[in-house]
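Note sheet for the following structure.
No value in this document is a laboratory result; all are computed from the given coordinates. Not measured: the values here are computed from a predicted model. Methodologically, a virtual Cβ is constructed for each residue, glycine included, from the backbone with ideal geometry; neighbour enumeration extends over all protein chains shown.
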Amino acid sequence: MLEIKNLHARIAEDGTEILKGVNLTVKDGEVAAIMGPNGSGKSTLSYVMAGKEDYEVTEGDILFNGQSILELEPDERAAAGIFLAFQYPVEIPGVPTMNFLKAAMNSQRKARGEEEMKTPDFIKTVRGAAEKLGISMDMLKRSLNTGFSGGEKKRAEILQMSLLDPKLCVMDETDSGLDIDALKVVSEGVNALRGPDRSFLVITHYQRLLEHIVPDTVHVLYKGRIIKSGDKSLALHLEENGYADVIGEAA
């Protein structure tokens, strides 16, 4: 599904190198968690995968289903099946959420050579997915993320993920700002999408998210490199002991 090879990336504006040789493989159907201290490069990794123009890849490659994505624009990566859930979803005043969802879904359908979804079918599809996530249709009539609580923003993103049906879901600290009830709703939405043909890369600081979205593998990112990998027990170890001993072993 995903293979990251010796990935180096820097901030385009000032040349500061953030990623310094990331190597990572995520198999079909796998849920991989990325953990690490602040400033390790976790969010940068997600932005580079999504094609954010603020970052420049200087070495290495990102392969998605065996094909390099580095030359693809962000919308082309999305059409190929990559979805990024942001840590802080952007508010877009004046753009109704339903309009945004319809445009996104039809853009994906067009990229796959399919006909646009008719309005009655679209509304039926959105209503069914929204009900599963505890999202009211009134909320979806509002401008995208404008005035939404932290939990509402994350629910809206999980709804987008459900509707767009990506093959690789990159989740950048999706637990930020969530209370325990919202965390459970979001986690249940993610778990409902798990399957043999869809993989997840879950970036988080905390074990609490991984109690609800149980990972197959856990990777520690530190100073722009993966320094340790293991199973879900590694996340428990980090929660109990911090990063000091893992960093010490890698030094």
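General remarks:
- Long-range tail of P(r) for the stretch 87-176 (Cα pairs > 15 Å, %): 59
- Simple spin-label estimate for residue 56 and residue 75 in nanometres, 7 Å along Cα-Cβ: 2.5
- In the stretch 9-134 the Cα-Cα distances spread across 5 Å bins starting at 0 as 2, 8, 14, 18, 19, 15, 12, 8, 4, 1 percent of all pairs.
- Degrees, to the nearest 10: 97-111 long Cα axis against longest axis of the chain: 70
- Relative to the dominant Cα principal axis of the chain, helix 150-164 is inclined by about 80°.
- Beta bridges per DSSP with both ends in the chain, % antiparallel, nearest 5: 60
- Fully extending the segment from residue 229 to residue 67 would add 55.9 nm, taking 0.36 nm per residue of separation and subtracting the current Cα-Cα distance.
- Prolate/oblate/rounded call for the stretch 76-137, Cα gyration tensor, a/c under 1.5 rounded: oblate
- The charge dipole of the chain, taken about its Cα centre with unit charges on the Cβ atoms of Lys, Arg (+1), Asp and Glu (-1) only, comes to about 580 debye.
- Only helices enter this figure: runs of n ≥ 4 DSSP H residues, each worth -39500 (n - 2.57), summed and divided by the residues of the chain, yield -12000 deg cm²/dmol at 222 nm to the nearest 500.
- Per DSSP, loop GluC sites (Glu not before Pro) in the stretch 32-69 with at most 13 further Cβ within 10 Å: 53
- Across all C-alpha atoms in the stretch 193-251, the radius of gyration and Dmax reach 12.2, 38 Å.
- Placing +1 on the Cβ of every Lys and Arg and -1 on the Cβ of every Asp and Glu, with nothing else charged, gives the stretch 141-251 a dipole about its Cα centre of roughly 440 debye.
- Each 10 Å bin from zero up to the one holding the largest Cα-Cα distance in the chain carries the following percent of pairs: 7, 30, 36, 21, 5, 0.
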